[in-house]
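This report concerns only the one structure given below.
The values are calculated or read from the model by the stated rules, or taken from the named source; none is laboratory data. Note that the structure is predicted; figures quoted are calculated from it, not measured. Ideal geometry is used to build each Cβ from the backbone, glycine not excepted, and the neighbour counts take in all protein chains shown.
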Amino acid sequence: MTARLILAGTTALFAAGAAFAADDELLVFDYSGFEDPAFHSKYIEQHGQSPAFAFFGDEEEAFQKLRSGFRADVSHVCAGSVTKWIESGIVEPWDTSKISAWGDLNADLTGTDVTDVSAEVYFVPTDFGSTAIAYNTEEVDDADLATLDIFLNPNYAGRVTLPDNVDDAYALAYLATGTQNWATATDQQFAAASDWLRAVHPNLRTYWVDPAELAQLLASGEVVVSWAWNETLPTMVDAGFPIGFQREPVQGSSLWLCGYVNLADGEGSEEKAYDFLNAMLDPSSTEPLLEAGYGHANAKAMAAYGEEALTEVGLGPIDAPVLAQLPMPNELRERQSAEFEKIKAGF
């Protein structure tokens, strides 16, 4: 996942790199929307104000800006980009002994693929979500939802959409072709996933760019089947739309996760960097994140909300395979990006 926008369209209001006037001893590089004070209320209690924030539109933009000399102290990043950022030398390890909730984090989000890309911890997950089949319950046959091949189903030709996001698209394609761990994907598995996406392409109405666009496509009836983030479920339910969210087709669904890295050339307070991360992981942040459609990496805090509440936002337990969108070899990610652009262009 390269961008998870809480406030769709807000990014355009801010130039990348423009910072809020706030605590000048800590600069957080982030997606627009994550500056919400409710997400780091403990930091405000400690220091009387929020840290300063600078914004980027997507992770490649953030990466290039940091490589060009922009200085920040911590940055939000999703797991698919972690390996590239580590290999570039722009991040340094976290000291987990300074992370108060480290022992309470969801073990599925702190597995070796995430935190042990090398011997040290470079990435600490804070927020996550699921990606699955969002569909119009009045237009889609329940039997068709048993398989991810619904995206190939000619009955829905021209009324299907995928995200314009290489990580989400390939997560779907790998699952559909029987691969549940993309970090170890072989050339044959990559080719099978690419061929599946190529076969789906003619069945699509469009590739959706952000949640607001997807909501409009569903609400207008232009689209009845989509590969979508879980935030789509509560958004459309609140709008009174007949929405379903199928996370249990036979091939499964995916889980994306994002978190923070400690930037190597930051000029601010290292102590406050840990204060910010600890605030993001504090139980006080769980409810605001859930209200925004995001899961919280603090599993102990999440458990307090119960299965029903988590299911309502598309994050409840399921009985189906899950592809976790964990870091992958950078070479594979670059191949996927190049191939996805060709597929979208019809080649």
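Within the range 31-52, how many residues are in a strand (DSSP E or B), buried (at least 21 other Cβ atoms within 10 Å of the Cβ) and free of Cβ contacts under 8 Å to residues at least 60 places away in the same chain? Can you show your working first?
Step one: of the range 31-52, the residues in a strand (DSSP E or B) are 31, 51-52.
After this cut, where a residue has to be buried (at least 21 other Cβ atoms within 10 Å of the Cβ) as well, the list is 31, 51.
Subset that is free of Cβ contacts under 8 Å to residues at least 60 places away in the same chain: 31.
Selection size over the range 31-52: 1.
Test each condition in (1) in contact (Cβ under 8 Å) with a residue 24 or more places away in the chain; (2) out of contact with any strand residue (DSSP E or B) (no Cβ under 8 Å at 6 or more places or on another chain) for A191 and report the one that comes out false.
(1)
For the range 295-347, give me every one of the helices (runs of 4 or more DSSP H) that falls completely inside it and has 1 or more residues that are among the aromatic types (F, W, Y), buried (at least 16 other Cβ atoms within 10 Å of the Cβ) and in the same structural domain as A173 (by TED's automatic domain parsing).
330-344
Counting only residues that are among the β-branched types (V, I, T) and touching a strand residue (DSSP E or B) at 6+ places or on another chain (Cβ under 7 Å), which one in the range 152-186 is nearest to W227 (Cα to Cα)? Quick ask: steps written out before the conclusion?
First, the residues of the range 152-186 that are among the β-branched types (V, I, T): 160-161, 166, 177, 179, 184, 186.
Applying the additional criterion that residues be touching a strand residue (DSSP E or B) at 6+ places or on another chain (Cβ under 7 Å) yields 160-161.
Numbers: V160: 9, T161: 7 Å.
Of everything passing the filter in the range 152-186, T161 is nearest to W227 (Cα to Cα).
Give me the helices (runs of 4 or more DSSP H) completely within the range 69-181, filtered to those with at least 2 residues that are surrounded by 22 or more Cβ atoms within 10 Å (Cβ to Cβ) and not assigned by TED's automatic domain parsing to the domain that holds H296, ordered by residue number.
On the way: elements: 82-88, 112-115, 166-176.
Qualifying helices (runs of 4 or more DSSP H): 166-176.
With the requirement that a residue be out of contact with any strand residue (DSSP E or B) (no Cβ under 9 Å at 6 or more places or on another chain) and charged (D, E, K, R), what does the range 62-94 give you?
Residues of the range 62-94 out of contact with any strand residue (DSSP E or B) (no Cβ under 9 Å at 6 or more places or on another chain): 64, 67-69, 81, 83-84, 87-89.
Listed by number, the residues that qualify are R67, K84, E87.
Conditions tested, residue by residue: (1) touching a residue at least 40 places away in the same chain (Cβ under 8 Å); (2) of a type in the set (D, E, K, R).
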position	(1), (2)
A239	no, no
C258	yes, no
E271	no, yes
A301	yes, no
Y305	no, no
G316	no, no
E341	no, yes
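Can you find a residue in the range 195-204 that is touching a residue at least 40 places away in the same chain (Cβ under 8 Å), touching a Leu at 6+ places or on another chain (Cβ under 9 Å), among the hydrophobic types (A, V, I, L, M, F, W, C) and surrounded by fewer than 15 Cβ atoms within 10 Å (Cβ to Cβ)?
no
Scan the range 295-333 for residues that are polar (S, T, N, Q) and either over 26 Å from T83 (Cα atoms) or over 15 Å from the mean Cα position of the chain (by Cα) (or both) and jot them down.
Hits for the range 295-333 are N298, T311, N330.
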